[in-house]
Amino acid sequence: MGAGKTILPDLSVEDTDRIIEMAWEDRTPFEAISVQFGLSEQQVIALMRRQLHPSSWRRWRARVQGRSTKHAQRSEALARRFKSTRQRTISGNKISKRPK
């Protein structure tokens, strides 16, 4: 095996799809992927490189490189974000459908 190769565990198609989805999400840190799937940041990068088309890989890599929200330690301010107590009902789309 050559230097710099990252070993990836055997993952189901569903797990691979979910990891890719989480990696594209701006507010999902690599640490969340690690907790859920046991993959390090380097393994996620290797998986993305292997699974994405070259142009998609370059776009994703440029997007996440240096992004503080992809690292839990760097995004501590996000944990203190305000969230309305009515968020559940807003998300459930009940407010917007009230009869006038």
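The values are calculated or read from the model by the stated rules, or taken from the named source; none is laboratory data. All figures in this text were calculated on a predicted structure; none of them were measured in a lab. Glycine also receives a Cβ, built like all others from the backbone with ideal geometry; neighbour counts cover every protein chain displayed.
Can you pull out every residue in segment 20-43 that is in contact (Cβ under 8 Å) with a residue 40 or more places away in the chain and either surrounded by 13 or more Cβ atoms within 10 Å (Cβ to Cβ) or of a type in the set (K, R) (or both)?
Result: A23, R27, T28, P29, F30, E31, A32.
Looking at A32, A3, A79 in this structure, which one is of a type outside the set (D, E) and at pLDDT 80 or above?
A32
Considering only residues that are among the aliphatic types (A, V, I, L, M) and either over 11 Å from Q43 (Cα atoms) or modelled with pLDDT of 85 or more (or both), which ones fall in segment 6-15?
Correct list: L11, V13.
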